[in-house]
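Only the coordinates and a few stated rules stand behind these numbers; no lab work does. Note that the coordinates shown come from a computational prediction; the quantities given were computed from them, not determined experimentally. Counting neighbours? That spans all protein chains shown, and the Cβs are built from the backbone with ideal geometry, glycine included.
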Amino acid sequence: GQSLEQPSEVTAVEGAIVQINCTYQTSGFYGLSWYQQHDGGAPTFLSYNALDGLEETGRFSSFLSRSDSYGYLLLQELQMKDSASYFCAARTGRRALTFGSGTRLQVQP
Amino acid sequence: NAGVTQTPKFQVLKTGQSMTLQCAQDMNHNSMYWYRQDPGMGLRLIYYSASEGTTDKGEVPNGYNVSRLNKREFSLRLESAAPSQTSVYFCASSETFRTGRTDTQYFGPGTRLTVL
C-alpha cells in the first residue's frame, strides 16, 4: 500500500521559521506535492518536487530526498494567515495521488 | 475563469436516498478527480477520469458511481446514501500527468454532505 507520515500538529510564532516533514512509503514514486488548506476551504497547490533538492517559492520552500523517501515544507517569516493545514501528497502513478493526513499549523502572535 | 465549480455546497440526506454531486472545470483539463475528506484526515481518491468517456476506481469507490459527461463535467452519484458517506467531497482537475512537469491539481470549493 501507499502511506505518508507527517506530524499532526505544529505550533510556531509570527516571524519564525517552521519545517513540516513528510516521509513516504509507496510502490512507485514520481514526485511530492504540498497543499495548503484553510478551515472550511479547498486545498490549494503550493509546490511540487520531482527531483532531489530544494524548490523555493517566495516564503515557502520544499525539499525532497528520494533516497531517504523524505521531504519537507519550510515556511519562513510566518504570518497569522499561514495558520492552516498542510498536506504532502505523493504521485505514484498516472492516476494516483496519495495524500498524507495533514499537519495543522497554528501561528501564534 | 471560474476554475473548478461544484454544486451543491451543502446537502443533508436520509439513509437510502440518492443524489448526484456536480463538478465542472473551465481550464480545458483532461484529468478530473473526486475525493472525500473526513474530519482530521487527508483526501482519499474515490474515482478518477483521464479523459472524456473514461473512468477508473480510486482508493474508496464502493457506494459511488461517476460519469464523465464531457471534457468539462464530472459527476459523482450516491445511489443509496449511508451515514458512513458523511464527508466533504472535493472535485479536482489537472493537466494529464507527465514526468518532468509540475503536478498541480485544482480543487473546487467542496460539497459538505451529511447522511442521517
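In this structure, B:PRO8 does not satisfy being under 25 Å from A:TRP34 (Cβ atoms), loosely packed, with under 14 Cβ neighbours inside 10 Å and of a type outside the set (D, E, K, R).
Between A:LEU73, A:LEU64, the distinction of being within 15 Å of the chain's Cα centre (by Cα), away from chain B (no Cβ under 14 Å), buried (at least 21 other Cβ atoms within 10 Å of the Cβ) and not acidic (Asp, Glu) belongs to A:LEU73 only.
Sort through A:SER83, A:SER61, A:SER69, A:SER101 and tell me the only one that's out of contact with any Lys or Arg (no Cβ under 7 Å at 6 or more places or on another chain) and within 17 Å of A:PHE29 (Cα to Cα). If you could, list the steps in order and put the result at the bottom.
Values: A:SER83 fails: within 17 Å of A:PHE29 (Cα to Cα); A:SER61 fails: within 17 Å of A:PHE29 (Cα to Cα); A:SER101 fails: within 17 Å of A:PHE29 (Cα to Cα).
Exactly one residue qualifies, and that residue is A:SER69.
From the list A:TYR48, A:TYR86, the lone residue that is under 13 Å from the mean Cα position of the chain (by Cα), within 18 Å of A:ILE17 (Cβ to Cβ) and either within 13 Å of chain B (Cβ to nearest Cβ) or loosely packed, with under 14 Cβ neighbours inside 10 Å (or both) is A:TYR86.
Might you check whether a residue that is more than 14 Å from every other protein chain (Cβ to nearest Cβ) and of a type in the set (Phe, Trp, Tyr) occurs anywhere in segment B:51-64?
From segment B:51-64, those more than 14 Å from every other protein chain (Cβ to nearest Cβ) are B:52-53, B:62-64; that's our starting set.
Cutting the leftovers down to of a type in the set (Phe, Trp, Tyr) gives us B:64.
Checked against the condition, which is being more than 14 Å from every other protein chain (Cβ to nearest Cβ) and of a type in the set (Phe, Trp, Tyr), segment B:51-64 yields at least one hit.
Looking only at segment A:2-48, residues that are over 17 Å from A:GLY58 (Cα atoms) and of a type in the set (Val, Ile, Thr) come to 5 in all.
The strands (runs of 3 or more DSSP E) found entirely in segment B:30-116 that carry 1 or more residues being more than 28 Å from A:PRO7 (Cα to Cα) are B:31-37, B:43-49, B:64-68, B:74-78, B:111-115.
Beta carbons closer than 9 Å, at least 6 apart along the sequence or on distinct chains, pair a first residue in segment B:59-84 that is free of Cβ contacts under 8 Å to residues at least 60 places away in the same chain and at positive phi with a second that is surrounded by fewer than 16 Cβ atoms within 10 Å (Cβ to Cβ) and in a loop (DSSP other than H, G, I, E, B) for B:GLY63/B:GLU79; B:GLY63/B:SER80; B:GLY63/B:ALA82.
Can you pull out every residue in segment B:23-50 that is among the hydrophobic types (A, V, I, L, M, F, W, C), within 11 Å of chain A (Cβ to nearest Cβ) and within 17 Å of B:GLN105 (Cα to Cα)? Don't jump to the end; show me each part of the working.
As a first pass, look at segment B:23-50 and keep what is among the hydrophobic types (A, V, I, L, M, F, W, C): B:23-24, B:27, B:32, B:34, B:41, B:43, B:45-46, B:50.
Among the residues that remain, those that are also within 11 Å of chain A (Cβ to nearest Cβ) are: B:32, B:41, B:43, B:45, B:50.
Passing the criteria: B:MET32, B:LEU43, B:LEU45, B:ALA50.
Going by the conditions given, is A:GLY15 at the interface with chain B (Cβ under 9 Å from one of its Cβ atoms), in a loop (DSSP other than H, G, I, E, B) and farther than 19 Å from B:GLY58 by Cβ? No; evaluated as a whole, the condition is false for this residue. Within segment B:1-29, the set of residues being assigned to a strand (DSSP E or B), of a type in the set (Ser, Thr, Tyr) and touching a residue at least 60 places away in the same chain (Cβ under 8 Å) comprises B:THR5, B:THR7.
Is it the case that some residue within segment A:96-106 is within 14 Å of chain B (Cβ to nearest Cβ), buried (at least 21 other Cβ atoms within 10 Å of the Cβ) and not in a strand (DSSP E or B)? Looking through segment A:96-106, at least one residue is within 14 Å of chain B (Cβ to nearest Cβ), buried (at least 21 other Cβ atoms within 10 Å of the Cβ) and not in a strand (DSSP E or B).
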